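Heads up: the structure comes next, in structure tokens.
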Amino acid sequence: MSLNSALFLAINGSATSPHWLTALALFATNHLPQLMAGGIAGVFVAGDRQVKLRVLHVLIAMAMAWLLARLTQHFIPVDRPFVLGLGKQLLPHAASPSFPSSHASVAFGFATAVALTAGRAYWALLALAAAVLVAWSRVYLGLHFPSDVLAGALVGATSAWLTFHIVFRRPIRSATTIGLP
């Protein structure tokens, strides 16, 4: 058995798992991403221009992470654990490719972008904790292998880093500066 499969079986929930742990995993997968999005919307509405730019960074990082994850899934179609008959599937899901996890990609894109822009360590830690919880829930519920969520974390963190260092660190020249009317 591979290390990836062994780790999956160690994390994956079962019919004998504590009810509260399964409820936490279902909350992390089904509702925590919505709370993250709602938090972003609330900060955008309440924030000044500088805060709105930071929120834009977070949104671009999340969108890039989702897009990169979906493209990778298209070109590297890896079966989900339940398709292979491994472990216990605790949440219905299509048998779509699983590598990397889109949930983990977007969650870590969010967390890394928050860490790069928030300016307060507690926001970064809270965002990271939420991302880890989302990633763990995908394995616990039997939808992803650990390698899927680790790759998703890398995709998300890279997307946020690229957004921060390329999109927002290089000044955008106005049209008149480059000779356009």
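Yes or no: GLN89 open to solvent by 20 Å² or more (accessible area, probe 1.4 Å) and over 12 Å from the mean Cα position of the chain (by Cα)? The answer is yes for GLN89. Mind checking whether some residue in the stretch 32-53 is within 20 Å of the chain's Cα centre (by Cα), under 30 Å from MET1 (Cβ atoms), open to solvent by 50 Å² or more (accessible area, probe 1.4 Å) and not aromatic (Phe, Trp, Tyr)? Scanning the stretch 32-53, I find no residue that is within 20 Å of the chain's Cα centre (by Cα), under 30 Å from MET1 (Cβ atoms), open to solvent by 50 Å² or more (accessible area, probe 1.4 Å) and not aromatic (Phe, Trp, Tyr), so the answer is no.
Within the stretch 125-181, the set of residues being in a loop (DSSP other than H, G, I, E, B), open to solvent by 10 Å² or more (accessible area, probe 1.4 Å) and modelled with pLDDT of 85 or more comprises PHE145 only. Does at least one position in the stretch 1-14 carry a residue that is at pLDDT below 90, open to solvent by 40 Å² or more (accessible area, probe 1.4 Å), within 18 Å of PRO146 (Cβ to Cβ) and not polar (S, T, N, Q)? Looking for residues that are at pLDDT below 90, open to solvent by 40 Å² or more (accessible area, probe 1.4 Å), within 18 Å of PRO146 (Cβ to Cβ) and not polar (S, T, N, Q), one finds at least one in the stretch 1-14, hence yes. For the stretch 13-28, a tally of residues being under 24 Å from the mean Cα position of the chain (by Cα) and either assigned to a helix (DSSP H, G or I) or β-branched (Val, Ile, Thr) (or both) returns 9. Please indicate, with yes or no, whether at least one residue in the stretch 71-85 is at pLDDT 90 or above, part of a helix (DSSP H, G or I), out of contact with any Leu (no Cβ under 7 Å at 6 or more places or on another chain) and surrounded by 14 or more Cβ atoms within 10 Å (Cβ to Cβ). Within the stretch 71-85 (the criterion being at pLDDT 90 or above, part of a helix (DSSP H, G or I), out of contact with any Leu (no Cβ under 7 Å at 6 or more places or on another chain) and surrounded by 14 or more Cβ atoms within 10 Å (Cβ to Cβ)), the answer is yes, since at least one residue qualifies.
The values are calculated or read from the model by the stated rules, or taken from the named source; none is laboratory data. All of these numbers come straight from a predicted model, not from anything done at the bench. We place every Cβ from the backbone using ideal geometry, glycine too, and count neighbours over all the protein chains shown. For the accessible areas, the whole protein counts, side chains as well, though only heavy atoms, and no ligand, DNA or RNA atoms are used. Shrake-Rupley method; radii C 1.70, N 1.55, O 1.52, S 1.80 Å.
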